[in-house]
Amino acid sequence: MKILEISASSSVGNTRGGENIGSLVSSLRQSNSILSNEGEIFKDFQESREKGQYTKLSYSHQFTSSAFLGVKLSSNHRYEYDRNTLGNKGSFIQDRTFTKENMVGFRIGYGPLDYLSSSSYEISFGYEESRQKGPYDLFGFKPPRISSGQFTDVTVLKGNGTVDFRSKTYSLLFGGSWTGEYLGFYTLNDFQIINGTYKLNSLSLSNTSTVDQFRPIPTNVSLASLKINNFSGFIYHFELGVVIKILENIGFKIGYFAQIPYINPNKAGGYYIENGVINEAESSNIFTSASSRNLFNTGTNFSLVTKF
């Protein structure tokens, strides 16, 4: 038995498709004055788009009655990670990252999960190596506020740069599917552990102005060349959904998911220049990421499933 699945993600609630390995790692940025603003709580709204000529495909082959092997390959597959970070006091940051990915991976185990059969189960282990690199563009704004009867300053931030990261992912997936003549349901649990290296080159300009007098010249200039020799993290993904069977060998699945993303930059390295002063990056606190703002994500997945 061979199974082909073509997938897409969309948003409900507070996320757009949730986090994946690429979006989570590419969210690593140098800390800035807007995100470090005390007393403001931030939330990310993230959407990942595939820009390649072909959608990503996964191919599985069942070579015994209970065992299967799946492979994935991509070369210069393009992604766009569109992230909006909003604060509860009006601050926001818009961050767009464009990368090209080279990836190879495999999955082996009991299964695979056949959404079109009366009952099916999967327990499998996966491994994947990936490299993504490309530019990003960032814009941020912190509005004035009233503090002690006076307006605080306005902050505008503009930045751009490049990211380059390599990652290794180990994953454990287990799930089940039960489908009748036309309708069924399924459940999935996917736990991914990631580690790798990360490089960030960036230039950011910001100014702080009073409410009645805007300063067009940047009051702070930061130039950075930073690296992480060993980041680590995980994504736990739970999904529950329904299967709509159109024909014996073709159908759709629509699921609601919840996930917990986490990434730890560990020890940072490199240098950054702020207003003419050269500083050495010695602490991972110089980085901020999506997992420091989003502890829990929800969303929906939609897939076309066939078997042949």
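The values are calculated or read from the model by the stated rules, or taken from the named source; none is laboratory data. All of these numbers come straight from a predicted model, not from anything done at the bench. In this analysis, Cβ positions are derived from the backbone assuming ideal geometry, glycine residues included, and neighbour counts consider all displayed protein chains.
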* Residues that are crowded, with 21+ Cβ neighbours inside 10 Å and assigned to a loop (DSSP other than H, G, I, E, B), drawn from the range 115-129 -> 115, 116
* Asked: How many residues are of a type in the set (D, E, K, R), at pLDDT below 90 and either touching a Lys or Arg at 6+ places or on another chain (Cβ under 8 Å) or assigned to a loop (DSSP other than H, G, I, E, B) (or both) when one looks only at the range 48-89?
  -> 6
* To do: Could you grab me the full set of residues in the range 282-308 that are within 17 Å of residue 36 (Cα to Cα), touching a residue at least 40 places away in the same chain (Cβ under 8 Å) and part of a loop (DSSP other than H, G, I, E, B)?
  => 289, 293, 294
* **Residue count for the range 135-146, restricted to those that are in contact (Cβ under 8 Å) with a residue 60 or more places away in the chain, assigned to a strand (DSSP E or B) and over 30 Å from residue 72 (Cα atoms)** => 4
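Does the range 147-187 hold any residues that are assigned to a strand (DSSP E or B), among the charged types (D, E, K, R) and in contact (Cβ under 8 Å) with a residue 40 or more places away in the chain, and which are they? Before you say what the answer is, go through the steps one by one.
Of all residues in the range 147-187, those assigned to a strand (DSSP E or B) come to 147, 150-151, 154-179, 183-187.
Add one more test, that the residue is among the charged types (D, E, K, R), and what stays is 158, 164, 166, 168.
Within the range 147-187, 158, 168 meet the criteria.
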* To do: State all residues of the range 55-93 that are of a type in the set (S, T, N, Q), more than 30 Å from residue 306 (Cβ to Cβ) and surrounded by 15 or more Cβ atoms within 10 Å (Cβ to Cβ); if no residue qualifies, say none.
  => 84, 85, 91
* Asked: Looking at 132, 192, which is the one that is surrounded by 19 or more Cβ atoms within 10 Å (Cβ to Cβ), in contact with a helix residue (DSSP H, G or I) (Cβ under 6 Å, 6 or more places away or on another chain), among the polar types (S, T, N, Q) and part of a strand (DSSP E or B)?
  -> 132
